[in-house]
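Student: After the structure tokens below, expect a handful of questions from me.
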Amino acid sequence: MTSTPATTAVPPETIVSIEGLRKSFGNVEVLRGVDLKVGKGEAVVIVGSSGSGKSTCLRCINRLEEPTAGTIRLGGQEVTGPKVDLDRLRRGIGMVFQGIHLYPHKTALGNVSLALRKVVGLSKEAAEQKARHHLEVVGLAHKADAYPAELSGGQQQRVGIARAMALEPQVMLFDEPTSALDPELVGEVLNVMVRTKEMGMTMIVVTHEMKFARDVADRVVFMDHGAILAEGTPQEILINPQHQRIRDFVMRSHG
Amino acid sequence: MDQIVRYFFDFSLMSAFWPDILRGFLITVEMSILTVLIGIPLGLALAILRLYGIRPLNWLIIFYIDFFRSIPQLVLIVLAYFALPYFGLVLEPITATVLALAIVLSAFAEEIFWAGINAVAKGQWEAGRSTGLSFTKTLAYIILPQVVRISIPPLTNRAIGISKGTTLGSVVAVPELLNVTSSIQSNVANPTALTVGALLFLLLFLPFVRFTRWLERAYAHPRS
């Protein structure tokens, strides 16, 4: 069903496992049975044309979208069960949005520390200390007191990454994190994502940045019409694609 | 000119009736403050309740706000004072007036807060929930602070408009500022008292208007 990652002989411990995931919006079936396993520390990049269901698939993992059918597990724990404590579960799943969605009434520090205080239950001091550390990791320690409106789009998205990373999740979901940014601001965000991977974070990334997919992904998943058409190493999927559908896509993506 | 001064600014009349006027003024201030303090939190509570999307409850809330936004305040005050006693609820004139005005204000405030809640981008909810914040915590820490900011300008307009409705309390004999001053006017056939009344209304509402303008500015763009 799935080709094993070429990098390791023994697959690492599975962090995210998706089986038979289906999602319909009204009569429109957006996901038509997706199966995907993501190992610890692995960076999986999902590519495909718009409307292929990439984002919906990602959003089902922390149930921002409610799956119509299928099972999703996070580190052995069921995400899709009826009695799941969603808030507890979501602490373990960081998410970075295309629209960034920083809280405009809070400073960068306030954005990163909010959940540390109100979800984890840290004191204000402890939460801010931790938040400062995570702002430092994304290179924005000096902007801790700036409001989102005072930051560039790239800086905002780096705060968005820090906000998700501060909860020390088991997996990070990136939903087209650079699509809304001016081209010259994309690089700084991708650099932070590379660093995130180097720190050993498990990542699932939906993106149109083919260079990032080629250079950083352990595995590339190509989605088409709500299903996975192929998956494999960047080499297999993006450099020597077997499907005509993917060859066309890669050709167009290079512009 | 001399005649105008004598007619509208008769100082001997002013000093004679000053204690009555002052008492009326204080009642107006008290009623205005109570109306705002009850009406706005009640409106916010209704908007929050509506957000939880409990079907039958939402029908009730929508009926409540549509009804109380449509009915004239005067009618409501009269009903509160003259009709409620038949249901065993006898209210002081001031209480009846404040109750009626606060309910009307709450209906308008609910709509304003509701519009504010809908104006906050859906992504704000998703960002909050994705970090494990519950619905209620997301509402409290992320959504409502933004809603309050958006709602302040329309809310103050409405609050001032409805607070001026305290003058309608005269129909149930509330000795508020306008009632007192217009009585004096008819008793002594000189509108000086009304002039004083108007100045006092300005004294009450102008600082309020200025204060809310300051609030709007302070909240609009945090440090930018």
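A short reminder: the numbers here are calculations on the coordinates, not readings from a lab. Note that this is a predicted model, so its numbers are computed, not measured. When we count neighbours, we look across all protein chains shown, and the Cβ atoms used for this are built from the backbone with ideal geometry, even at glycine.
Student: Using only the Cα atoms of the stretch B:1-97, what are the Rg and Dmax in Å?
Tutor: Here Rg and the maximum Cα pair distance are 20.6, 67 Å.
Student: Cβ under 12 Å from A:Arg132's Cβ, A:Arg132 left aside: what net charge do those residues give with Lys, Arg +1 and Asp, Glu -1?
Tutor: Cβ neighbours under 12 Å give a net charge of -2.
Student: Then there's this: Starting from the Kirkwood radius over alpha-carbon pairs of the stretch A:107-189, derive D by Stokes-Einstein at 20 °C in a medium of 1.002 mPa s and give it in µm² s⁻¹.
Tutor: Diffusion coefficient, whole number: 167 µm²/s.
Student: Follow-up. Listing B:Leu57, B:Leu101 from the residue with the fewest other Cβ atoms within 10 Å to the one with the most, what is the order?
Tutor: With the sparsest Cβ surroundings first, the list reads B:Leu57, B:Leu101.
Student: What 222 nm value per residue comes from the helices of chain B, counting each DSSP H run with n ≥ 4 as -39,500 (n - 2.57) and dividing by all residues, nearest 500 deg cm²/dmol?
Tutor: Computed ellipticity for chain B at 222 nm equals -25500 deg cm²/dmol.
Student: Based solely on its DSSP helices, what 222 nm [θ] is calculated for chain A when runs of n ≥ 4 H residues each add -39,500 (n - 2.57) and the sum is averaged over all residues, nearest 500 deg cm²/dmol?
Tutor: Helix-only estimate at 222 nm: -9500 deg cm²/dmol.
Student: Give me the Kirkwood hydrodynamic radius of the stretch A:99-144, using the inverse of the mean 1/r over all pairs of distinct Cα atoms, in Å to one decimal.
Tutor: Kirkwood hydrodynamic radius for the stretch A:99-144: 10.6 Å.
Student: Quick one: give the max-minus-min coordinate of the C-alpha atoms of the stretch A:54-174 along each principal axis, largest first, in Å.
Tutor: Largest first, the stretch A:54-174 extends 45, 30, 23 Å along its Cα principal axes.
Student: Also, quick follow-up: Hey, what's the Cα Rg ratio for the protein assembly as shown versus the globular rule of thumb, 2.2 N^0.38 Å?
Tutor: Taking N as the residue count of the protein assembly as shown, the ratio is 1.35.
Student: Expressed as a fraction of 2.2 N^0.38 Å, the rule-of-thumb size for a compact globular protein of N residues, what is the C-alpha radius of gyration of chain A?
Tutor: Cα Rg divided by the expected 2.2 N^0.38 Å: 1.00.
Student: Please give the length that would be gained between B:Arg23 and B:Trp214 if that part of the chain were fully extended, namely 0.36 nm times their separation in residues minus their C-alpha to C-alpha distance (nm, one decimal).
Tutor: 65.8 nm
Student: Now for a separate question. In bins 10 Å wide, starting from 0, what share of all Cα pairs of the stretch B:148-224 does each bin hold, as a percent?
Tutor: The percentages, shortest bin first, are 17, 36, 24, 15, 6, 1.
Student: Ratio of Rg to Rh for the stretch B:137-185, alpha carbon only, Kirkwood?
Tutor: Result: Rg/Rh = 1.34.
Student: Another question, then. When the scattering of the stretch A:187-255 is computed by the Debye formula from its Cα atoms alone, each counted once and equally, what is log10 I(q)/I(0) at q = 0.20, 0.25 Å⁻¹?
Tutor: Log10 of I(q)/I(0), two decimals: -0.84, -1.18.
Student: How long is the gain from B:Ala198 to B:Ile4 if the chain were fully straight, where each residue apart is worth 0.36 nm and the alpha carbon distance is subtracted?
Tutor: 68.2 nm
Student: Stokes-Einstein at 4 °C, 1.567 mPa s, Kirkwood radius from Cα pairs: D for the stretch A:51-92 in µm² s⁻¹?
Tutor: 121 µm²/s
Student: Once you sort the root eigenvalues of the Cα gyration tensor of chain B as a ≥ b ≥ c, which label holds: rounded (a/c under 1.5), prolate (a/b larger than b/c) or oblate (the other case)?
Tutor: It is oblate, given that a/c is not under 1.5 and a/b is not larger than b/c.
Student: Please give, to one decimal in nm, the separation of the simple spin-label points placed at A:Arg252 and A:Ser49, each 7 Å out from Cα toward the Cβ.
Tutor: Those two pseudo-labels are separated by 0.4 nm.
Student: Quick check: the distance between the Cα centres of the stretch B:24-83 and the stretch A:51-111, to the nearest angstrom?
Tutor: 39 Å
Student: Find the eigenvalues of the gyration tensor of the Cα atoms of the stretch B:66-188, then list the square roots of 5 times those eigenvalues as equivalent ellipsoid semi-axes, largest first, in whole angstrom.
Tutor: After diagonalising the Cα gyration tensor, the semi-axes are 40, 17, 11 Å.
Student: Per residue, how much space in cubic angstrom lies within the convex hull of the C-alpha atoms of the stretch B:94-153?
Tutor: 86 Å³
Student: Can you tell me what share of the DSSP beta bridges in the protein assembly as shown is antiparallel? A percent to the nearest 5 is fine.
Tutor: The antiparallel proportion sits near 55 percent.
Student: Then there's this: Once the principal axes of the Cα atoms of the stretch A:109-244 are found, what is the range along each, listed largest first in whole angstroms?
Tutor: Answer, in whole Å and largest first: 55, 31, 26 Å.
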